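> Following this message is one structure expressed as structure tokens.
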Amino acid sequence: MQSEISLISFGQTKFGEWWNKSLRDLLGEAVDAALASAPCTALDIDFIVVANMLGESMNGQAHLGALTSSLLPHRPPAIRVEAACASGSVAMHTACALLESGRAETILVVGAEKMTDASTEEITTGLMGAADSERDAPSGLTFPGIFGLIAQRYMHEFGLTRQQLNLVSALHHANAITNPFAQFRAAMTPDQIGASALVADPLRLLDCSPVSDGAAACLLSTKHRSDLTLAASQLSTDTVSIADRPTITSFAATKDAAMRACEEANIEPQQIAHLELHDCFSIAALIALEDLGFAEPGNGIRWYEQPGQMTVNGSGGLKACGHPVAATGIKQIIDIGKQLRASGNPYGMAHNFGGAGATCAVHILHHENA
Amino acid sequence: MLPGTLLSFTTVQHPPKGFPDRPRSIGLIELSDGKRVIGSLIAPEASAPAIGRAVVPRMRLSRINEQGLRLYEVAYECTARVSEPKLNEQRHFPGYILALTGPSGVGKTTISTLLVKGLGDFTAKVPIVTSRSPKEGDEREYDYVSTQEFQVLQKNGDLVAWTKIPSETEERFYGYRKSDIAAIWSQGKLPVVVTEMHLLQGLSNHFGRRAILSLGLLPPGHSKRAMLSQLLHRMRLRGRETQEQIQERLQNAQQDLDFFTRAEHLFDHILVNEDLDTVLGTIKEHVLALVKA
């Protein structure tokens, strides 16, 4: 990083189904929560970056920069970014660039999504906006379908079994029990996961992250200091359609962003103590562990069979904590911050992607325990 | 409409709005020309979808939309035949090298960068060991050593090919390390070298001509004069060299162009870099053909 960027405060709504709250309400609640623990006042915020994917199609609301800005008394300049499910981390990345350039000194980064008001059909169609409208969508494909194709292929190439795959969501559910902000705080046995309804063969309902409402916010600053700083913020892209890639069992954007992030932070993957990865579907967690450098190809499952030193999705991940699309990337960073403070370890990583890994951002957080 | 092979498949229980038929069976298909598509599957009872199954295209009515428009699609029918497995994990390139040769300014670096980006899982660039000093505009293609160090590498036989490029301004040695190429092979990838005539000759002497998929790149133009003026134009545009260096490179380019006719046997294909996408597409085809061979 070209300047020292501190994560000075953060806050979020509980993720879940919020039928009595609007997109604006969710944004406001997360911003208030972040400000409540801030070492400065709202007036110190000199820029806002808002992340959101489905405002127009699900909530009839665009123009979220100004909308969020009007929640603050002094209405600072604001922009909205969109990169499908990676919107949250792309907002973080954008904020880092603005801080590094000196354009701003204290930025409010907030991501929000309101998804549960629509029918399954509508939300499925809306989310397909993250895929290629000419190459993928005409066949009637959905995101569970895309990851169904990926899972089918992965099982074929590496011999992963259904029983093994069940362990992924089971661990994420177990982790969410202690997270007060999680959408599903109930344990799920591997058998329950294997017996849930088929969604897109071989993926079942409990392989899929849910449709959620929620928002998460944090303040990044070069002026105010904290024990948490950003050691790396890297962004990478790939083709939007999986049909344009040489392989579908590994995501090049994840590999690239992770490699550059470790280079930027000047650390090895082994130094990471806590990892929040993008498990939009169970299979994506295994591929992420491999692409991030924590396992050999085909071996990601070992983190679920014999958990190691590193915490994987301590928050419950997208599966159990919930996945209000654009809030996820920011929530991950918040959770890494909390985990580092609790454990006293120096490094944690957040991995967030959009579509089937067409945009991927990797952030590394450093905790000064002195 | 081409037939193909099923790379993966799924059955979507909840298709998006406007698709009344549910569930929908959908496949990722590699067509016979190597391109991939996503399409819906028709699976007769006798031949359920399975990876590796041959599929044939069928035009059919997909759905009628809200405006009453009849939308047709190409669906893929699974046949009983199972194609030869043409799987990612079997792509290995033992002993092969892809060489791109051409005069300065023809676009070798751009092409190899885009190629490695597009076929990153199969290809990797071989760094060029050089004794020349780093300069602005160099991307990560060089591995800088001192002239003494270069000579030690040479003497120990660590280089598979090396050359000295005449220059008024400095003594410039270039070469490839044996260990760099071996490392790429051990990852199961195809090493890509961006090279010039002496190094190509050296590689060919060391590994044997047949180990190299050798592509020559020429600037567009019907005469040598037209080609040289193209190169001059491109070099000025990219602004990487000084006026002096451009003159020097242009002289070398003249020799390079002669070399294409003199040493035809060193090339498998000569490509004219008029349109980048066409050149990249052709190279990809050649690389993928190598995989299948």
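The values are calculated or read from the model by the stated rules, or taken from the named source; none is laboratory data. Because the structure is a prediction, the values reported are computed rather than measured. When we count neighbours, we look across all protein chains shown, and the Cβ atoms used for this are built from the backbone with ideal geometry, even at glycine.
> Looking for something closer than 30 Å to B:GLU73 by Cβ and either out of contact with any helix residue (DSSP H, G or I) (no Cβ under 7 Å at 6 or more places or on another chain) or surrounded by 24 or more Cβ atoms within 10 Å (Cβ to Cβ) (or both) - is there at least one such residue anywhere in the stretch A:74-83?
yes
> Would you mind telling me which numbered condition in (1) surrounded by fewer than 17 Cβ atoms within 10 Å (Cβ to Cβ); (2) among the aliphatic types (A, V, I, L, M); (3) part of a strand (DSSP E or B) B:LEU213 fails?
Just one mismatch for B:LEU213, condition (1).
> Does A:ALA284 meet the test of being at pLDDT 95 or above, closer than 22 Å to A:GLY11 by Cα and of a type in the set (A, V, I, L, M)? Show your work before the answer.
Values: at pLDDT 95 or above: yes; closer than 22 Å to A:GLY11 by Cα: no; of a type in the set (A, V, I, L, M): yes.
Here the answer is no, as A:ALA284 does not meet what is asked.
> Restricting the search to the stretch A:150-171, which residues are more than 14 Å from every other protein chain (Cβ to nearest Cβ), in a helix (DSSP H, G or I) and over 18 Å from A:HIS323 (Cβ atoms)?
A:ARG162, A:GLN163, A:GLN164, A:LEU165, A:ASN166, A:LEU167
> While we're here: What strands (runs of 3 or more DSSP E) lie completely within the stretch B:148-198 and have 2 or more residues being closer than 21 Å to B:ILE283 by Cβ, modelled with pLDDT of 85 or more and touching an Asp or Glu at 6+ places or on another chain (Cβ under 9 Å)?
Details: elements: B:159-165, B:172-177, B:190-195.
Counting at least 2 such residues, we get B:190-195.
> Quick check on A:THR125: is it buried (at least 16 other Cβ atoms within 10 Å of the Cβ), hydroxyl-bearing (Ser, Thr, Tyr) and either in contact with a strand residue (DSSP E or B) (Cβ under 8 Å, 6 or more places away or on another chain) or part of a strand (DSSP E or B) (or both)?
Details: buried (at least 16 other Cβ atoms within 10 Å of the Cβ): yes; hydroxyl-bearing (Ser, Thr, Tyr): yes; either in contact with a strand residue (DSSP E or B) (Cβ under 8 Å, 6 or more places away or on another chain) or part of a strand (DSSP E or B) (or both): no.
Answer is no for this residue.
> Does B:LEU228 satisfy the condition of being surrounded by 15 or more Cβ atoms within 10 Å (Cβ to Cβ), assigned by TED's automatic domain parsing to the domain that holds B:LYS108 and assigned to a strand (DSSP E or B)? Let's see the steps before the verdict.
Details: surrounded by 15 or more Cβ atoms within 10 Å (Cβ to Cβ): yes; assigned by TED's automatic domain parsing to the domain that holds B:LYS108: yes; assigned to a strand (DSSP E or B): no.
Judged against the criteria, B:LEU228 is not a match.
> Residues in the stretch A:186-204: is at least one touching a Pro at 6+ places or on another chain (Cβ under 9 Å), touching a residue at least 60 places away in the same chain (Cβ under 8 Å) and within 14 Å of chain B (Cβ to nearest Cβ)? It would help to see each step written out before you state the result.
Within the stretch A:186-204, the subset touching a Pro at 6+ places or on another chain (Cβ under 9 Å) is A:198-201, A:203.
Imposing the further condition that a residue be touching a residue at least 60 places away in the same chain (Cβ under 8 Å) reduces the set to A:203.
Right, trim to within 14 Å of chain B (Cβ to nearest Cβ) and you get A:203.
For the stretch A:186-204, residues touching a Pro at 6+ places or on another chain (Cβ under 9 Å), touching a residue at least 60 places away in the same chain (Cβ under 8 Å) and within 14 Å of chain B (Cβ to nearest Cβ): present.
> Of (1) closer than 14 Å to B:PRO103 by Cα; (2) in a helix (DSSP H, G or I); (3) not polar (S, T, N, Q), B:LEU203 satisfies all except one. Which?
Failed condition: (1).
> Sort through B:ASP258, B:ASP277 and tell me the only one that's part of a helix (DSSP H, G or I), assigned by TED's automatic domain parsing to the domain that holds B:LEU98 and under 16 Å from the mean Cα position of the chain (by Cα).
On the way: B:ASP258 fails: under 16 Å from the mean Cα position of the chain (by Cα).
Of the residues listed, the single one that is part of a helix (DSSP H, G or I), assigned by TED's automatic domain parsing to the domain that holds B:LEU98 and under 16 Å from the mean Cα position of the chain (by Cα) is B:ASP277.
> I'd like the residue in the stretch B:1-34 that is facing chain A (nearest Cβ under 8 Å) and under 26 Å from the mean Cα position of the chain (by Cα) and, out of all such residues, is surrounded by the most Cβ atoms within 10 Å (Cβ to Cβ).
Once the filter is applied, the top-ranked residue is B:LEU28.
> Kindly provide the set of residues from the stretch A:128-143 that are surrounded by 17 or more Cβ atoms within 10 Å (Cβ to Cβ) and more than 7 Å from chain B (Cβ to nearest Cβ), ordered by number.
A:ALA130, A:ALA131, A:ASP132, A:ALA137, A:PHE143
> Residue by residue through the stretch B:58-73, note down the ones that are of a type outside the set (Lys, Arg) and surrounded by fewer than 18 Cβ atoms within 10 Å (Cβ to Cβ). Quick ask: steps written out before the conclusion?
First pass over the stretch B:58-73, keeping only residues of a type outside the set (Lys, Arg): B:59, B:61-62, B:64-69, B:71-73.
Within the stretch B:58-73, B:MET59, B:LEU61, B:ILE64, B:ASN65, B:GLU66, B:GLN67, B:GLY68, B:LEU69, B:LEU71, B:TYR72, B:GLU73 meet the criteria.
> Consider B:THR113 against the criteria (1) modelled with pLDDT of 80 or more; (2) under 30 Å from A:ILE242 (Cβ atoms); (3) touching a helix residue (DSSP H, G or I) at 6+ places or on another chain (Cβ under 7 Å): it satisfies all of them except one. Which criterion is unmet?
(3)
> Related question: Go through the residues of the stretch A:276-285 one by one and say whether even a single one is surrounded by fewer than 24 Cβ atoms within 10 Å (Cβ to Cβ), within 26 Å of A:PRO346 (Cβ to Cβ) and more than 11 Å from chain B (Cβ to nearest Cβ).
no
> Then there's this: On the basis of being away from chain B (no Cβ under 14 Å) and either aromatic (Phe, Trp, Tyr) or over 30 Å from A:GLU157 (Cα atoms) (or both), does A:ALA261 make the cut? Full working, then the answer.
Values: away from chain B (no Cβ under 14 Å): yes; either aromatic (Phe, Trp, Tyr) or over 30 Å from A:GLU157 (Cα atoms) (or both): no.
No: the conditions fail for A:ALA261.
> Conditions: (1) small (Gly, Ala, Ser); (2) part of a loop (DSSP other than H, G, I, E, B); (3) not assigned by TED's automatic domain parsing to the domain that holds B:LEU276. B:SER8 meets all but one. Number of the miss?
So B:SER8 meets the others, but not (2).
> Continuing with the same structure: Could you list, in sequence order, all residues of the stretch A:249-270 that are more than 30 Å from A:SER3 (Cα to Cα) and either modelled with pLDDT under 95 or among the small types (Gly, Ala, Ser) (or both)? Give the steps one after another, and end with the answer.
Pass one, the stretch A:249-270, residues more than 30 Å from A:SER3 (Cα to Cα): A:249-250.
If the condition is that a residue be more than 30 Å from A:SER3 (Cα to Cα) and either modelled with pLDDT under 95 or among the small types (Gly, Ala, Ser) (or both), then A:SER250 is the only one that fits.
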